[in-house]
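Report on one structure; see the data block that follows.
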Amino acid sequence: MNRTRKTVADLLAMKGQRQLSMIHVESVDEVHAAAAAAIDLLSIEPDIWTPATRQAAGDCFVFVPLLYDSYVTTEDYLRGAHRMLGIGADAIYCAASPRTIRRMREEGIPVCGHAGLIPARRTWTGGFRAVGRTAQSALQVYEQVKELELAGAFATEIEVVPASVTAEIARRTSLLILSMGGGTEGVDAQYLFSSDILGYTAGHIPRHAKVYRDFRAEYERLQDERIDAFREFARDVGAGSYPDGDRHLVSIDDVELRRFRELLATQPRPEQDVARLIGSQG
């Protein structure tokens, strides 16, 4: 499949045409898999974001999140954003204040914000729970989105908000809407974590998640296989069956071995080496 890596302008021009696929990936192997599967948008953590990861992502449009607990000041966010863009990020994912996002936009940095359930600020909305289920709460989500729009963001994630509320908000904003449990009407992308898709999420599985594979069972099976292999290795070592002669060891020509032994005969004896070492420490 021939694709061309999209720009922010391309995505904005596509608004309303079709829903894009978006995955938060957690390893370079998952980046490779997402690119091979022609996923449209990726979110890739800073700790694995390298030039090699950019290459692995191929034509996927990549957001790199600036994690809420790793950045404090606007200057921190600006430095972090420029670093990620320098590696090849297409946009920055940021849950900072509109003031910080405004400064980033002033520097020409494409920013995606976050509205609805914001995990880093969940204490204000009652923990990991849906947001926007009352008129007042829904209005607050709308206000979050409009603040992001006025600050200069080009997109926002809407997380765990009633679909009908998301649809009303989508009609009233120019932002790209990335939906994680926010419905489909009026949104521009459906966003899931790879851990949910692949079935290895630890603990509670979010209501909006759809599990496509059972990697947890596969990982448990592989761990059992790993333990058994290590046991077998230890048993072979104890029994003297590993290494197994010529199967595992390299050889030396008999003539060369004889010459080596002759050369060794001219070298100091081990006890002489020890005495010299002790003397040098005195």
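The values are calculated or read from the model by the stated rules, or taken from the named source; none is laboratory data. Note that the coordinates shown come from a computational prediction; the quantities given were computed from them, not determined experimentally. Don't worry about glycine lacking a Cβ; one is built from the backbone with ideal geometry, like all the others, and counts go over all protein chains shown.
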Legend entry - Conditions (1) in contact (Cβ under 8 Å) with a residue 60 or more places away in the chain; (2) assigned to a loop (DSSP other than H, G, I, E, B); (3) touching a strand residue (DSSP E or B) at 6+ places or on another chain (Cβ under 7 Å); number of the one not met by Ala89: (1)
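Go through region 27-74 and count every residue that is assigned to a loop (DSSP other than H, G, I, E, B) and touching a helix residue (DSSP H, G or I) at 6+ places or on another chain (Cβ under 8 Å).
Kept after step one, since they are assigned to a loop (DSSP other than H, G, I, E, B), are these residues of region 27-74: 27, 37-40, 45, 49-50, 58-60, 67-73.
Right, trim to touching a helix residue (DSSP H, G or I) at 6+ places or on another chain (Cβ under 8 Å) and you get 27, 49-50, 58-60, 67-71.
Count: 11.
Give the residue that is surrounded by the fewest Cβ atoms within 10 Å (Cβ to Cβ), with candidates limited to residues of region 39-69 that are of a type in the set (Gly, Ala, Ser) and in contact with a strand residue (DSSP E or B) (Cβ under 8 Å, 6 or more places away or on another chain). Please lay out each step first, then the result.
Just the residues of region 39-69 that are of a type in the set (Gly, Ala, Ser), to begin with: 43, 52, 56-58.
Imposing the further condition that a residue be in contact with a strand residue (DSSP E or B) (Cβ under 8 Å, 6 or more places away or on another chain) reduces the set to 43, 57.
Details: Ser43: 21, Ala57: 24.
The extreme case among them is Ser43.
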Inset, instruction - Pull up region 82-115, narrow it to residues that are aliphatic (A, V, I, L, M), modelled with pLDDT of 95 or more and farther than 19 Å from Leu12 by Cβ, then point me to the one that is nearest to the chain's Cα centre (by Cα). - result: Met84
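When region 253-271 is examined, which residues are found to be modelled with pLDDT of 90 or more and in a helix (DSSP H, G or I)?
Narrowing region 253-271 to residues modelled with pLDDT of 90 or more: 253-266.
Asp254, Val255, Glu256, Leu257, Arg258, Arg259, Phe260, Arg261, Glu262, Leu263, Leu264, Ala265 - these are the residues of region 253-271 that are modelled with pLDDT of 90 or more and in a helix (DSSP H, G or I).
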Inset, instruction - Sort out which residues of region 120-160 are modelled with pLDDT under 90 and closer than 22 Å to Leu78 by Cα, and write them in order of number. - result: Ala120, Arg121
Inset, instruction - Among the residues of region 213-255, write down those that are of a type in the set (Ser, Thr, Tyr) and either over 30 Å from Leu192 (Cα atoms) or in contact (Cβ under 8 Å) with a residue 40 or more places away in the chain (or both). - result: Ser241, Tyr242, Ser251
